[in-house]
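In what follows, a single structure is set out as structure tokens and then discussed.
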Amino acid sequence: MKLLLVSCLVALAGADGPAPSAYQQKPVIKILSQEDVHPGDGTYRFSFQTENGIQRDESGQPKAGGGGGGYGQPGGGYVQQGGWSYTDGYGGPVQLTFTADENGYQPVSDLLPTPVPTEYPVPVVPQVYQGEPARYGPARPGSP
């Protein structure tokens, strides 16, 4: 029993130390500017910018002839546009802009992959010369 008690005390003493980095408080990033506008006619606009270089903006309006009503009201859909930017972990700029309308969500960025080619060149297959026996094909009767 004494051995168990001593072992527990040793383990407890060894556990004392600084908290792992996941538990340490992270620095607070300040918001430099922020705008949030909803005038009640179905349109909206928001944006913000932080001190570490993150920027985000978006605006939207009801589709023409869609009868969008007021903000948050059902209607014929919205046309939205906006984007964001930040600095990646390697110090490079990241920017993305988008439009969302009847054609769907359409992002634009240098970081997005390009479509895979769907047309490939036709391979050239050598032709068999006239008079040359076929090297491959069905076996002739009586051949081994």
(request) Search the stretch 111-122 for residues that are under 22 Å from PHE98 (Cβ atoms) and pair each with any residue that is in a loop (DSSP other than H, G, I, E, B) when their beta-carbon atoms are under 7 Å apart and the residues are at least 6 apart or on different chains. (result) none
(message) If I filter the stretch 113-123 for residues that are loosely packed, with under 10 Cβ neighbours inside 10 Å, charged (D, E, K, R), modelled with pLDDT under 60 and more than 30 Å from VAL79 (Cα to Cα), do I get at least one hit?
(response) no
(request) Output the number of residues of the stretch 61-93 satisfying the condition of being of a type outside the set (S, T, N, Q), in contact with a Phe, Trp or Tyr (Cβ under 7 Å, 6 or more places away or on another chain), in a strand (DSSP E or B) and at pLDDT below 95. (result) 1
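The values are calculated or read from the model by the stated rules, or taken from the named source; none is laboratory data. Worth saying up front: this structure is predicted, and the values here are computed from it rather than measured. Glycine also receives a Cβ, built like all others from the backbone with ideal geometry; neighbour counts cover every protein chain displayed.
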